[in-house]
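The next block holds one structure in the form of structure tokens; read it before the comments.
No lab work stands behind these numbers, since they all come straight from the coordinates. Note that the structure is predicted; figures quoted are calculated from it, not measured. Note that each Cβ is placed from the backbone with ideal geometry, even for glycine, and that neighbours are counted across all protein chains shown.
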Amino acid sequence: MPIVSRLELVRRIDSLPAQPRAQILHQVSLRARKRILRMASIEKSIHVGSSLSSLDILAAILIGRGLRRTGDKPTEKDWLILSKGHAVPALYALLVELGKLTDKDLDTIRDIDGLEGHPDNGLDGVDVSTGSLGQGLSIAAGIAYAMRLDHTWTTHRVFVVLGDGELDEGQVWEAAATIAHLGLSNIVAIVDANGFQLDGATSEIKNKGDLAQRWRSLGWRVIEIDGHNHEMILEALSEAEASPQPVVIIAYTRRGNGLGVLEATGGQHV
Amino acid sequence: MSSQLASPESLGAIRDAVGKALLRLGEEDKDVVVLTADVARSTRTRWFAERFPERFVNIGISEQDMIGFAAGLALGGKKPYAAAFAMFMMRAWEQIRNTVDRMNLNVKLIATHSGFSDHGDGASHQSLEDIALMRVLHNMTVVIPADPPQAYKAILAIHRVRGPVYLRIGRDYSPPVTDPSAEYRLGELELLRDGEDVALVSAGPVLAHVVEAAKMLEAKGLSVAVANLHTVKPIDEARLVRLAQRTGLVVVVEEHFPRGGLFGAVAETLAQRYPVPVVPVAAKGYGHSARSVMDLYERHGLVADSIAKRVVEAVEKWRKR
């Protein structure tokens, strides 16, 4: 299919059926992957592996599905919380697609006057500041509850992207129980399950148990997908939105996806 | 302000006054949402829950989640009040720092059972570090009302602050020390007694003992000022400096460890603006279960005669020079 301009793409993609949308996402994520690698070549400390594992999920939410706004109030829009904040280069790379950042801006990653190393809501396109793991889901619950009070919770969604390593944080499970207990079905949690955390494989650092069962036992609906398959991600997102209960999408991914050397070792830095 | 308090006596203990003030906020502002962590009865937020059930969430025994939830409500345009025991609010310090304070969110933290006030439950429940932990935060306002009427008025005042506020109160023991008809001025050091020889600075229920100590000292011929530092941050530098200039010696009395709390706040300010000796009278170590809060005050030297004794020692030490 022909290459379309980025802004045109964003305008058009919403109305397209899933398959062509997935094809566009493929182009988008290729461009975004290149941007992440460029950032890594400029600033070696960024979390490349994790950014590459989260990228397709974020692309599906931000561009494939898109965040919508129906009014000026904070409860009249969709929210995206990157709870695994260290994957922010992936978000920045996609904000270029949305026209909120330029390629030149990306060169300032982690510079004293440049882009912050973890999400900061002072930047247009970043809804919530994160960086300290385990907190995004609780914040999502508060936003979702505010939407319920404002009667916008059937219209708007709060998307939260977590890492599987992040699930070590007890607060995630506090929030998971709160959300299920309150029936906040306007929350869609996506676990980027790349099988690694900072010090090594998740199975070596701390076993995560039966992930699906842990969520299910609290009252969540669980959808398991290949987190690099755009069509599957889009489908799971639609299914999640239609669900009367909160949904967690466990997206099995590969750290460093698209970059062979990293993918093979599950490494974080190039 | 006085019209808001037809009968200050009817407010009950300090946590009752806070519970009543929250009810009033709930009536006046539809954006007020109250959260608690399985302590709705103890924190008196249950009254709000009964009146406004849809705007109340009991998060369960999970303070960290409660703080994140409050942050989300604030991001969503609501005005959350999160109530918990001061000790267990500290458990969520990092969430308060990284999520609430860093985004400068309009979240109000109502910390009850502070200091020795939860005497029966013992050391695990007695917070002697929370002022220090909260006042180091960049955007946080820290308020310690002295008595029930001041607590009621302070809640109404912090509601007008757009940003995070930590309000510290005790459980039941809260003898009256302020003029219930006086207007509450957030951020202003409140002079309860004027004096020239030494200034006593304190906050919270222990102030009653400080005032009593001042009276004892006056009988001995010392002229003692007593100031209520109900707003610890931002601190009223100008009035503190004037107090130091007038007396040349400041004794800080607090239901907290003598590091980083009121003593820290006063010493840091005066060290830069007008250095005079500043002496702490504070908790000597962790607390213990006690049948009465007074037993703990006595053990830690926070009753009037012990305070008076420490003031005399300070005066003798520093006035000789």
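General remarks:
- In the range B:190-316 the Cα-Cα distances spread across 5 Å bins starting at 0 as 2, 12, 24, 25, 20, 11, 5, 1, 0 percent of all pairs.
- The calculated FRET efficiency for the pair B:Glu94 and B:Asn139, based on their C-beta separation and a Förster distance of 25 Å, comes to about 0.95.
- R0 of 22 Å, Cβ-Cβ distance B:Arg193-B:Gln272: FRET efficiency to nearest 0.05: 0.25
- Environment charge at A:Asp78 (Cβ cut-off 11 Å; Lys +1, Arg +1, Asp -1, Glu -1): +2
- Here the residues A:Asp105, A:Asp113, ranked from fewest to most Cβ neighbours within 10 Å of their Cβ, fall in the order A:Asp113, A:Asp105.
- Residues A:Asp72, B:Asp65 arranged by fewest to most Cβ contacts within 10 Å: A:Asp72, B:Asp65
- Extension gain (nm, one decimal) between B:Ser292 and B:Arg41, 0.36 nm per residue minus Cα-Cα: 88.3 nm
- Those residues of the range A:159-202 whose amide nitrogen sits under 19 Å from the label point placed on A:Asn229, 7 Å along Cα→Cβ: A:190-195
- Summing charges over all other residues whose Cβ lies under 15 Å from the Cβ of A:Ala140, with Lys and Arg as +1 and Asp and Glu as -1, gives -2.
- Computed from backbone phi, the HN-Hα couplings of the range A:50-64 come to 5, 5, 6, 6, 7, 4, 5, 5, 5, 4, 5, 6, 6, 10, x Hz, rounded to whole numbers (Karplus: 6.51 cos²θ - 1.76 cosθ + 1.60, θ = phi - 60°; Gly and Pro given as x).
- Semi-axes of the equivalent ellipsoid for the range B:1-146, computed as √(5λ) from the eigenvalues of its C-alpha gyration tensor and ordered from largest down, come to 22, 20, 15 Å.
- 3J(HN,Hα) along the range A:92-103, derived from phi through the Karplus expression 6.51 cos²θ - 1.76 cosθ + 1.60 where θ = phi - 60°, amounts to 4, 4, 7, 5, 5, 4, 8, x, 8, 9, 10, 4 Hz, with x in place of Gly and Pro.
- Enclosed volume per residue, in Å³, of the convex hull spanned by Cα atoms of chain B: 118 Å³
- As a rough footprinting exposure proxy, the listed residues A:Ile179, B:Ile155 were ranked by other beta carbons within 10 Å of their own, and the order from fewest upward is B:Ile155, A:Ile179.
- Intensity falloff of the protein assembly as shown expressed as log10 I(q)/I(0), Debye formula with alpha-carbon point scatterers, at q = 0.07 Å⁻¹: -0.49
- Evaluated at q = 0.13, 0.19, 0.20 Å⁻¹, a Debye calculation over the C-alpha positions of the range A:38-123 (equal weights, vacuum) places log10 I(q)/I(0) at -0.42, -0.87, -0.96.
- Average other protein chain Cβ within 10 Å of Cβ, residues B:54-65: 5
- Per residue, the protein assembly as shown reaches -11500 deg cm²/dmol at 222 nm when only DSSP H runs of four or more residues are counted, each adding -39500 (n - 2.57).
- DSSP bridge orientation in the protein assembly as shown - percent antiparallel, rounded to nearest 5: 10 percent
- Kirkwood-based Rg to Rh ratio, chain A, C-alpha trace: 0.94
- Judged by the mean number of other Cβ atoms found within 10 Å, the most tightly packed of the peptides A:29-39, A:132-142, B:196-206 leads the ranking A:132-142, B:196-206, A:29-39.
- Long-range HN-HN contacts of B:Gly187 with modeled amide H, under 5 Å: B:Thr231
- Karplus 3J(HN,Hα) series, Hz, for the range B:123-139 with 6.51 cos²θ - 1.76 cosθ + 1.60 (x for Gly, Pro): 4, 5, 10, 9, 8, 10, 10, 5, 5, 4, 5, 7, 6, 7, 6, 4, 9
- Charge context of A:Tyr252, other residues only, Cβ under 10 angstrom, K/R +1, D/E -1: -3
- For the range A:154-270, Kirkwood radius (reciprocal of mean inverse C-alpha pair distance, Å): 14.8 Å
- Within the range B:190-316, DSSP assigns beta bridges of which about 20% are antiparallel (rounded to the nearest 5).
- Over the range B:117-256, the hull volume per residue, using the convex hull of the C-alpha atoms, is 118 Å³.
- Long-range HN-HN contacts of A:Gly163 with modeled amide H, under 5 Å: A:Lys84, A:Asp192
- Built amide H within the under 5 Å cut-off of B:Val251, gap 5+: B:Ala199, B:Leu200, B:Val201, B:Val279
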